[in-house]
Structure formats: C-alpha cells, structure tokens
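Note sheet for the following structure.
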Amino acid sequence: MNRKGWKTTVPCVRFIQGDGVNFYTIQNITAQLTRKGWSQDIWSYGMGGALLQQINRDTLKFALKCSAIDRNGKWHNVYKNPKTDPSKASKGGRFNLIQNGKEFATVEVVEGAPSPSNNALETILEDGKVLRDQTLADVRSIASSYDTYLNSA
C-alpha cells in the first residue's frame, strides 16, 4: 500500500499492457484497476499503430517470425499452423528474397545450392557480431530506394 492507501508493488516491479490496447480499452482497464484498489502509477500501456491508425499485424496479414533454427549444424523449419485460424499460418524454412526488377519473390533456400546474386536479404548481425555497421540515415536511404511510390513520381 502506498501512503494514499492504494495497492502497489515493490519499487522495481511495474506492469505493461500492450496487446489489444486502444483509447477505450485503456479507460476500461484503468477503471477496473481503480475499482480493485490498485494504484495507477505502476501501470503502463504500450501500443504500435493501433491508437493512431487502428492497424495491427493482422490488418495487413504481416508479421516477422523465426522460420528456421540451426541445431548442431542442421537446419530445422520453425512455423505455426493454428487450427483456429488457418490464415495465420506461417512459412517454415530458410528463405531468399529474390528481386526481379521492381518485383520480389520469397524462395526457399535449397541446401547446397549457391545463394542467388539477386538475393535482397543481407546478414547484418550473426552470432552476436555486427557484420555491417549502418547509421539510421543509411537504413532510411536503403528503405526509400525500394519505395516504388516515391520512385515512380
């Protein structure tokens, strides 16, 4: 309890709610916690584009996920295929991102085959070592070079 009589935690413990958060759910969560006697100074809310644009990873059917793992020198596919929502199935395996003009295609890596020269993916960090040091300006420049909307004007 704090000096005002609200429930609290030890000073080094706080809570963050970041899933399914929007303007209304924050109000609802805050009201429920207050009714239960919890101090609000230990709660935080995190959100991506939901408050600004109501966009989440399901809106565009996009998420970055692990797709393969190297165990003792042998690659194993990592994927999910939920029974409750087949649209959320993910690809398993190692992939190259092949660029052909302005188009891209994801192609599974074939063990022993040479890496294609038009693979747009590049290893930046491997085994804790930075292989390519980049500034934020470098990253923005590379990203804008792929922006077909900006480059078609």
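The values are calculated or read from the model by the stated rules, or taken from the named source; none is laboratory data. Note that this is a predicted model, so its numbers are computed, not measured. Reconstructed Cβ throughout: ideal geometry from the backbone, glycine too, with neighbour counts over all protein chains shown.
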All but one of (1) under 30 Å from ASP147 (Cα atoms); (2) outside the structural domain of ASP147 (by TED's automatic domain parsing) hold for ASN119; which doesn't?
(2)
Matching entry among PHE95, PHE15, PHE104 (being in contact with a Leu (Cβ under 7 Å, 6 or more places away or on another chain), at negative phi and of a type in the set (A, V, I, L, M, F, W, C)):
PHE104
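Name the one entry in ASN22, ASN72, ASN77 that is over 27 Å from SER145 (Cα atoms) and not assigned by TED's automatic domain parsing to the domain that holds PRO116. Let's see the steps before the verdict.
Numbers: ASN72 fails: not assigned by TED's automatic domain parsing to the domain that holds PRO116; ASN77 fails: not assigned by TED's automatic domain parsing to the domain that holds PRO116.
Just a single option satisfies the conditions, and that option is ASN22.
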Somewhere in the range 3-15, is a residue in contact with a strand residue (DSSP E or B) (Cβ under 6 Å, 6 or more places away or on another chain), more than 21 Å from LEU121 (Cβ to Cβ), in contact (Cβ under 8 Å) with a residue 24 or more places away in the chain and basic (Lys, Arg)?
yes
Among the listed residues LEU97, LEU33, identify the single one that is assigned to a strand (DSSP E or B) and surrounded by 14 or more Cβ atoms within 10 Å (Cβ to Cβ).
LEU97
Pairing a residue in the range 102-125 that is in a loop (DSSP other than H, G, I, E, B) with any residue that is at pLDDT below 85, where Cβ atoms lie under 6 Å and the two sit 6 or more apart in sequence or on different chains, gives LYS102/THR148
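Residues checked against (1) more than 19 Å from the chain's Cα centre (by Cα); (2) farther than 30 Å from ASP58 by Cβ; (3) modelled with pLDDT under 90; (4) among the aliphatic types (A, V, I, L, M):
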{"position": "LYS80", "(1), (2), (3), (4)": "no, no, no, no"}
{"position": "ILE98", "(1), (2), (3), (4)": "yes, no, no, yes"}
{"position": "ALA113", "(1), (2), (3), (4)": "yes, yes, yes, yes"}
{"position": "ALA120", "(1), (2), (3), (4)": "yes, no, yes, yes"}
{"position": "ASP127", "(1), (2), (3), (4)": "yes, yes, yes, no"}
{"position": "ILE142", "(1), (2), (3), (4)": "yes, no, yes, yes"}
{"position": "TYR146", "(1), (2), (3), (4)": "yes, no, yes, no"}
Sole exception among (1) under 22 Å from the mean Cα position of the chain (by Cα); (2) surrounded by 10 or more Cβ atoms within 10 Å (Cβ to Cβ) for PRO86, by number
(2)
